[in-house]
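Contents: one structure, followed by commentary.
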Amino acid sequence: MSVEPDVAAVAALIGEPTRAAMLGALLGGIALPAGELATRARITPQTASKHLARLVEGAVIEVRTVGRRRYYRIASPRVGAALEALAVIARPPRSRTLRESEQIKAMRFARTCYDHLAGTLGVALTQALLDGGMLLRHEETFEVTPRGDLLLAQWGVQPQALHSRRAFAKPCLDWSERRDHLAGALGAAIACAFFARGWIVRMQGCRAVRLTEEGKRALQRDLGHDFGLALEPVAPYSVTA
């Protein structure tokens with residue numbers, strides 16, 4: 001009998017290519033019906049149902065019935081974090097068509113990493129908050145400063161209301177940028193606020209998001225950075241003890 005967690009079982013569950021494709025789609029942070037997941041994985045609805053049943057049984061995803069439709073989503077932030085961590089060490093995506101090439105480009109610029117912003121936009125936003133004195137970086141956490149409280153309030157985010165058993169603000173290594181972006185309850189709240197204000201919108205067919213013109217103007221105003229341009233690599237984070 002092994003005294004270690006059964007890593008092999010969960011690895012086999014999520015490592016099968018079809019199930020991995022569906023989990024990748026669900027990393028957009030929203031619930032999707034079986035039919036759309038089948039389309040994303042390029043399989044029949046019947047085959048998708050069998051794979052989804054196994055993922056539900058393994059507590060990797062959860063299902064909710066609304067009327068006659070069943071919607072699936074990632075079971076918890078911990079599952080999302082584990083899947084994103086695997087993406088860091090996985091082979092980068094390769095395009096076979098012009099459409100796939102455009103989707104990969106869009107994903108690299110901005111996407112949802114379960115429920116927070118990732119990609120070039122997510123990393124640059126995190127750096128801008130650090131550079132502007134709104135966040136302080138500790139070893140494995142971020143701290144919101146009084147200046148940050150004021151800015152977040154303008155965005156409709158109240159950090160004091162976000163403290164719970166879930167991590168408040170932590171770094172998440174970005175698989176495309178190889179740098180950290182802001183995750184945790186705070187990262188999720190900021191992404192939610194940006195969606196609500198129409199600063200970012202979801203793109204069809206993948207979990208990429210588009211920064212709108214209104215979003216570009218708002219971030220330029222609040223952070224003094226043109227996030228609409230192709231962003232250059234930023235300097236490494238400074239760690240505050």
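The values are calculated or read from the model by the stated rules, or taken from the named source; none is laboratory data. For clarity, every value in this text was computed on a predicted model and none was experimentally measured. Every residue, glycine as well, gets a Cβ built from its backbone with ideal geometry; the counts of neighbours run over all protein chains shown. Surface areas here come from the heavy atoms of the whole protein model, side chains and all, with no ligands, DNA or RNA. Shrake-Rupley method; radii C 1.70, N 1.55, O 1.52, S 1.80 Å.
Note on segment 12-42: among residues that are of a type in the set (A, V, I, L, M, F, W, C) and open to solvent by 50 Å² or more (accessible area, probe 1.4 Å), the one that is nearest to residue 78 (Cα to Cα) is 30. Among the residues of segment 98-117, those identified as aliphatic (A, V, I, L, M) and either part of a helix (DSSP H, G or I) or closer than 10 Å to residue 28 by Cβ (or both) are 98, 104, 106, 107. If you filter segment 31-81 down to residues that are among the charged types (D, E, K, R) and not in a helix (DSSP H, G or I), you find that the one that is farthest from residue 14 (Cα to Cα) is 68. Sub-6 Å Cβ pairs linking a first residue in segment 35-62 that is closer than 11 Å to residue 19 by Cα to a second residue that is in a helix (DSSP H, G or I) and open to solvent by 60 Å² or more (accessible area, probe 1.4 Å), at least 6 apart or interchain, are 38/45, ordered by first then second residue. Looking only at residues of segment 92-125 that are at pLDDT 85 or above and of a type in the set (Lys, Arg), we find that the one that is most open to solvent (accessible area, probe 1.4 Å) is 105. Do you know which of the residues in segment 141-176 that are charged (D, E, K, R) and at pLDDT below 90 is farthest from the chain's Cα centre (by Cα)? The selected residue is 165.
The residues in segment 145-172 that are in contact with a strand residue (DSSP E or B) (Cβ under 9 Å, 6 or more places away or on another chain) and either in a strand (DSSP E or B) or open to solvent by 80 Å² or more (accessible area, probe 1.4 Å) (or both) can be counted, and the count is 3.
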